[in-house]
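The values are calculated or read from the model by the stated rules, or taken from the named source; none is laboratory data. Because the structure is predicted, anything quoted here is derived from the model rather than measured. Cβ placement follows ideal geometry from the backbone for every residue including glycine, while neighbour counts extend to all protein chains displayed.
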């Protein structure tokens, strides 16, 4: 038989396994190969090849190779758990970025050193180098086996599979699991791992189901890489906004108020205000006009827009239609309100484009398992806007939106941390969308044309569009590697018709406008979270809630510190004075812990010479300066939005 490899085509005798083919190619490949793709399909190394095909051997250097390696590590962990806790029930255990997890239903409480014990047992299993064997059975046989093993979660998964489907099992010694595979040839292939966390997780991600125990682990093919990853995780924990934001007094939560409803404390509220003023001022320069619309509306409005049909489960609904009550809902977005404003009066082509902007408080009924600090919440505020334009204006308006976004990202220092995703509809899953294939094809074609004209580098994602149109999503990862959408620009060719929006074109005819939905800096809360993590709370001077701390060296200079602080405030700086009778070293350390960009010290000598001593968070001791020189230094840094 002829096998096409990466570099050439070679002949082998029929009936060889992939492992035997790899050995024939080279000993190094045989040692490194974890699995292979056969005509594009992932297979175990034990797979027998008996016909011409294309084979691509995968190692840990390949993304699919990493997934197979880490999924095998998850099975080893599950086997270790079953050896130590025979009554535990196994649920699911996938590979994830940098590692794996497995969910268990433990019948007895875990001891404090549970992870250490499981790790030790995993090392034994790896040392035993147990062969991992694939088996194919019928659904009936699989259910019978799982009943015998008393694995109720596996039985539930099997019940969701069609009766005619072949089921694959993987056996390693005394452990057997329901799994599609593939896996590494034996447990000895796993070189470096570490169990990292133990948390709760609802079965199938549904909070109505039982809470299971999820154990996370990291897995790499080299110990040095694993240690580097673990060190990075520790650094991420220090920067985690959910921890650091609370320590710095930026936000807090309270169980009496509720999950996903953070309270912005004075420093957090000030950071929010800085960003908000920056956005609104910049948008005004670019021709946007402000609106201020209600936080709720009758269900009738959302039925017109389509939110009631496609998004109702994510909304907070007030009232019961079945009881004859008036039904309202808190708004999940501002679009329908601004469209209603547009419809107030006849519009001409001379009026277009109209650029509406609003600092919008929105509400989305996120599940409890999804919420995290400021990144995903139930009430949030967004720099929302809608541009209503003529078709021939669409490309330029979209370019201008993207230019604004990139300016915002550069100003706050996140420009290099994002990537761009063209989010498209899924024609195989039309119930999620307004179902008009021709309109979708046209809208996506227009967006692709614009993106290509701009020369923007982007990825594509089928199934990530809004229900009413394609999007350019600007994606970013938090310190833990979890990806979220930071900013989105959308082209909408549906809702103008639903709201009967129109204008009189140059021919005097009634025409439909196009709509761009956009944010300029995204959700303020999420952006704040990412800034906390980016700068570890040490914000650039222009963003810092407190820019300058004025410290008195003695009681004799307390009044001077207060007066200079007031002068700085009058000039627009965010300054505070510290005139407590503490030692100056203590005051400096406190200001440093608060991550204040500048500390100004006024002692008897400075008072006599009308000067100040300056310490910079970044540069350290800057020595003695005149007050005017210091003010000019900070003014330049703030006005130019220096990122440091």
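Is it the case that some residue within segment 103-114 is under 33 Å from the mean Cα position of the chain (by Cα) and closer than 22 Å to residue 220 by Cβ? For segment 103-114, residues under 33 Å from the mean Cα position of the chain (by Cα) and closer than 22 Å to residue 220 by Cβ: absent.
Of the numbered criteria (1) outside the structural domain of residue 155 (by TED's automatic domain parsing); (2) more than 30 Å from residue 481 (Cα to Cα); (3) touching a helix residue (DSSP H, G or I) at 6+ places or on another chain (Cβ under 6 Å), the one residue 83 fails is (1). Considering segment 1-46, the qualifying strands (runs of 3 or more DSSP E), each wholly inside and each with 1 or more residues that are buried (at least 17 other Cβ atoms within 10 Å of the Cβ), run over 2-4, 35-38, 41-43.
Residues that are surrounded by 16 or more Cβ atoms within 10 Å (Cβ to Cβ), under 36 Å from the mean Cα position of the chain (by Cα) and assigned by TED's automatic domain parsing to the domain that holds residue 219 do not occur anywhere in segment 136-150. Within segment 103-116, if we keep just the residues that are touching a helix residue (DSSP H, G or I) at 6+ places or on another chain (Cβ under 8 Å) and surrounded by 17 or more Cβ atoms within 10 Å (Cβ to Cβ), the residue that is farthest from residue 75 (Cα to Cα) turns out to be 105.
Residues that are over 29 Å from the mean Cα position of the chain (by Cα) and assigned by TED's automatic domain parsing to the domain that holds residue 484, at least 3 per element: which helices (runs of 4 or more DSSP H) completely within segment 292-407 meet that?
In segment 292-407, the matching helices (runs of 4 or more DSSP H) lie at 335-342.
Scoring residue 176 on the criteria (1) surrounded by 16 or more Cβ atoms within 10 Å (Cβ to Cβ); (2) modelled with pLDDT under 95; (3) farther than 25 Å from residue 60 by Cβ leaves a single failure, condition (2). When 543, 551, 563, 530 are checked against the criterion of being touching a strand residue (DSSP E or B) at 6+ places or on another chain (Cβ under 7 Å) and outside any strand (DSSP E or B), 530 stands alone in meeting it. Scanning segment 396-405 turns up at least one residue that is in contact with a strand residue (DSSP E or B) (Cβ under 9 Å, 6 or more places away or on another chain), crowded, with 19+ Cβ neighbours inside 10 Å, under 21 Å from residue 525 (Cβ atoms) and at pLDDT 95 or above.
Looking at segment 247-263, which of the residues that are in contact with a helix residue (DSSP H, G or I) (Cβ under 8 Å, 6 or more places away or on another chain) and touching a residue at least 60 places away in the same chain (Cβ under 8 Å) is surrounded by the fewest Cβ atoms within 10 Å (Cβ to Cβ)?
248
Every condition in (1) assigned to a strand (DSSP E or B); (2) at pLDDT 95 or above holds for residue 136 except the one numbered (2).
Filtering segment 81-102 down to residues that are over 32 Å from the mean Cα position of the chain (by Cα) and in a helix (DSSP H, G or I), which residue is nearest to residue 176 (Cα to Cα)? Across segment 81-102, the extreme among qualifying residues is 82.
If you go through segment 39-61 and keep only what is within 16 Å of residue 185 (Cβ to Cβ) and within 34 Å of the chain's Cα centre (by Cα), you end up with 42, 43, 44, 57, 58, 59, 60.
Restricting 340, 361, 381 to residues that are touching a helix residue (DSSP H, G or I) at 6+ places or on another chain (Cβ under 6 Å) and at pLDDT 95 or above narrows the list to 381.
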